[in-house]
Amino acid sequence: MKDILQQLDDRRDDARLGGGQKRIDAQHGRGKLTARERVHLLLDEGSFEEFDMFVTHRCTDFGMDAQKPAGDGVVTGWGTINGRLVYVFSQDFTVLGGSVSATHAKKICKIMDMAVQNGAPIIGINDSGGARIQEGVDSLAGYGDVFQRNIEASGVVPQISVIMGPCAGGAVYSPAMTDFIFMVKDSSYMFVTGPDVVKTVTNEQVTAEELGGATTHTRKSSVADAAFENDVEALAEVRRLVDFLPSNNREKPPVRPFFDEPDRIEPSLDTLVPENANTPYDMKELILKLADEGDFYEIQEEFAKNIITGFIRIEGRTVGVVANQPMVLAGVLDIDSARKAARFVRFCDAFEIPILSLVDVPGFLPGVTQEYGGVIKHGAKLLYAYGEATVPMVTVITRKAYGGAYVVMSSKHLKSDFNYAWPTSEIAVMGAKGATEIIHRADLNDPEKIAQHAADYEDRFANPFVAAERGFIDEVIQPHSTRKRIARAFASLRNKSVQKPWKKHDNIPL
Ligand code: HXC
């Protein structure tokens with residue numbers, strides 16, 4: 001009996017060594033942790049329970065029957081993050097380069113199915129050379145099965161991908177369909193075709209890092225939501241993100257203890273908006289002052305900085321924030337910012353996370369590049385996302401809310417629940433100068449008259465009261481009381497329930 005127990009321990013030890021000490025050392029040499037080290041850092045200490053440790057592949061071609069490492073290149077199982085259940089898979093690059101065989105894919109599918117069935121997030125750690133070349137179409141079929149599960153799990157449980165090594169070819173499409181992608185600087189990359197193929201086909205010369213590294217995907221392509229210095233930091237940040245999220249679409253986000261008064265008054269907000277309407281100010285300052293303990297988890301910080309997206313808590317409860325940033329391009333909406341915010345709004349709506357919108361928007365960015373790039377369709381994504389959302393929505397206009405962008409940014413017309421405006425708000429079709437030049441074109445050669453018209457327009461429209469008179473703004477509020485107002489508003493909306501007519505699914509402008 002003792003021998004059998006010992007055998008189990010020996011088999012486990014062997015499986016835990018993955019591809020062997022030499023390959024583990026090589027992994028460490030590249031500044032990367034092993035698949036198991038990553039899982040242990042991600043989960044609460046001692047909480048990991050592994051599945052399928054002894055699974056091996058069934059391939060016999062190319063001499064593969066001679067090497068059947070236990071676990072087949074991926075560590076899968078479940079555990080907890082700050083006490084809450086999550087499912088995890090972590091590809092083991094030390095085993096056949098973390099390549100995906102039919103059985104490797106099956107292991108991933110198994111925990112994805114468990115996650116959906118039990119309503120818990122799926123976290124995938126990617127570090128793989130892609131399809132197991134020796135297995136051919138069996139490997140592709142495995143990917144297909146994972147893709148299909150990504151789609152079915154979308155909007156049911158949060159899916160988080162962490163890219164911690166190679167992720168290339170069709171393999172990128174599994175992370176691409178998850179809710180958040182995190183990368184590690186200098187040790188991870190994602191691309192559909194690598195530098196060699198790019199060179200052959202388009203004659204462009206790029207390194208793997210330039211083509212698909214963390215900087216590229218957080219700043220240029222927006223494929224990734226954040227980039228971190230190393231594995232340890234990335235995994236710590238995943239834990240922080242999970243704390244903000246509900247476990248599934250039937251649960252509310254967790255309520256955390258908070259140590260910040262919901263009715264905290266912030267006198268500094270009364271002077272946040274500068275006297276001159278064209279002087280920028282930092283919208284992040286407002287977000288930090290509204291959040292419990294000033295804690296803000298920003299999503300896509302490096303991309304389309306003219307709009308800010310991320311999570312805060314109010315009274316310990318998660319709130320998604322979408323805010324125009326006057327410091328960048330005057331907070332204008334454009335293709336990138338509309339796409340970024342639309343995806344964020346849809347995530348919040350899918351997972352019952354209330355949305356706070358902070359508005360200071362001069363309109364949509366004009367230009368040939370924008371029009372040719374389809375700003376009409378991309379702008380419509382944000383409009384659509386807000387309009388279809390049924391979660392509690394509170395909007396605060398701090399300064400400009402002009403034209404179509406006023407309607408798009410969670411206006412009353414899109415069924416936002418509470419629409420507040422600061423006294424510094426200007427809710428109008430456009431700014432005074434532009435408006436005057438159109439409606440008083442005949443006086444364009446008379447600067448004095450034009451100045452007078454502009455002043456008249458400003459008197460009439462550069463305020464929140466015209467909209468408030470019509471009920472498009474529920475209340476004009478003092479900036480210093482904003483946290484108290486939004487906390488009370490969200491508290492009053494906790495049982496909000498909206499019924500929609502049946503449809504198979506919508507047809508958001510993609
Ligand atoms: C089988 C693989 C493998 C793969 C790596 N290995 N990729 N085995 N199938 N796809 C093995 C290597 O043979 C090697 O084994 C070990 O993993 C480590 O690989 P190295 O090449 O030594 O590591 P490194 O120099 O770091 O290079 C990593 C790499 C490179 C850039 C990922 O291995 C590589 O280019 N691999 C092939 C990538 C590829 O073309 N994949 C298919 C893409 S198409 P030993 O025993 O020597 O240690 C695809 C389609 C998905 O993925 C479609 C989904 C629908």
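The values are calculated or read from the model by the stated rules, or taken from the named source; none is laboratory data. What you are looking at is a predicted structure, and each value in this text was computed from that prediction instead of being measured. Ideal geometry is used to build each Cβ from the backbone, glycine not excepted, and the neighbour counts take in all protein chains shown.
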Counting only residues that are over 18 Å from Gly31 (Cα atoms) and polar (S, T, N, Q), which one in region 203-245 is surrounded by the fewest Cβ atoms within 10 Å (Cβ to Cβ)?
Asn203
Name the residues in region 49-95 that are free of Cβ contacts under 8 Å to residues at least 60 places away in the same chain and basic (Lys, Arg), would you?
Arg58, Lys68
Being crowded, with 22+ Cβ neighbours inside 10 Å and free of Cβ contacts under 8 Å to residues at least 40 places away in the same chain is the filter here; which residues of region 292-305 pass it?
Asp292
Pick from region 241-261 the residues that are hydrophobic (A, V, I, L, M, F, W, C) and part of a loop (DSSP other than H, G, I, E, B): which of them is farthest from Gln117 (Cα to Cα)?
Phe259
Is there a residue in region 180-190 that is within 21 Å of Arg132 (Cβ to Cβ), modelled with pLDDT of 95 or more and in contact with a His (Cβ under 7 Å, 6 or more places away or on another chain)?
yes
Extreme residue, nearest to the chain's Cα centre (by Cα), among residues of region 195-217 that are under 26 Å from Lys340 (Cα atoms) and either within 12 Å of the ligand (Cβ to nearest atom) or acidic (Asp, Glu) (or both)
Gly212
Only listed residue being in a loop (DSSP other than H, G, I, E, B) and free of Cβ contacts under 8 Å to residues at least 12 places away in the same chain, chosen from Thr216, Thr279
Thr279
Within region 13-29, the residues that are of a type in the set (D, E, K, R) and in contact with a Phe, Trp or Tyr (Cβ under 9 Å, 6 or more places away or on another chain) are Arg23
Quick check on region 1-40: of everything there that is exposed (fewer than 10 other Cβ atoms within 10 Å of the Cβ) and closer than 16 Å to Gly97 by Cβ, which residue is farthest from the ligand (Cβ to nearest atom)?
Gly29
Do we find a residue being surrounded by fewer than 22 Cβ atoms within 10 Å (Cβ to Cβ), polar (S, T, N, Q) and over 27 Å from Asn495 (Cβ atoms) anywhere in region 354-370?
yes
Can you report the number of residues in region 220-237 which are of a type in the set (A, V, I, L, M) and part of a strand (DSSP E or B)?
2
Mind checking which residues of region 352-382 are in contact with a Pro (Cβ under 7 Å, 6 or more places away or on another chain) and either without any contact (Cβ under 8 Å) to a residue 60 or more places away in the chain or assigned to a helix (DSSP H, G or I) (or both)?
Lys377, Ala380, Lys381
With the requirement that a residue be closer than 15 Å to Ile123 by Cα, within 16 Å of the ligand (Cβ to nearest atom) and without any contact (Cβ under 8 Å) to a residue 60 or more places away in the chain, what does region 152-167 give you?
Ser161
Every residue in region 96-123 that is farther than 20 Å from Ala176 by Cβ, near the ligand (Cβ under 10 Å from one of its atoms) and touching a His at 6+ places or on another chain (Cβ under 9 Å), please.
Leu96, Ser101
Return only the number of the condition from (1) touching a residue at least 24 places away in the same chain (Cβ under 8 Å); (2) in contact with a His (Cβ under 8 Å, 6 or more places away or on another chain) that Asp349 does not satisfy.
(2)
Return only the number of the condition from (1) among the hydrophobic types (A, V, I, L, M, F, W, C); (2) away from the ligand (no atom under 16 Å from the Cβ); (3) over 19 Å from Arg240 (Cβ atoms) that Ala176 does not satisfy.
(2)
Using the structure shown, decide if Leu245 is under 16 Å from the mean Cα position of the chain (by Cα) and of a type outside the set (Ser, Thr, Tyr).
yes
How do the strands (runs of 3 or more DSSP E) wholly within region 135-201 filter down when requiring 1 or more residues that are closer than 30 Å to Lys252 by Cα and among the hydrophobic types (A, V, I, L, M, F, W, C): which remain?
159-163, 180-184
Which residue, of Val137, Val146, is within 12 Å of the ligand (Cβ to nearest atom), touching a residue at least 24 places away in the same chain (Cβ under 8 Å) and either under 17 Å from Gln67 (Cα atoms) or not polar (S, T, N, Q) (or both)?
Val146
Output the number of residues of region 282-334 satisfying the condition of being in a helix (DSSP H, G or I) and farther than 15 Å from Thr395 by Cα.
10
Filtering region 414-447 down to residues that are basic (Lys, Arg) and part of a helix (DSSP H, G or I) yields Lys433, Arg441
How many residues does region 124-134 contain that are within 9 Å of the ligand (Cβ to nearest atom), free of Cβ contacts under 8 Å to residues at least 60 places away in the same chain and not in a helix (DSSP H, G or I)?
4
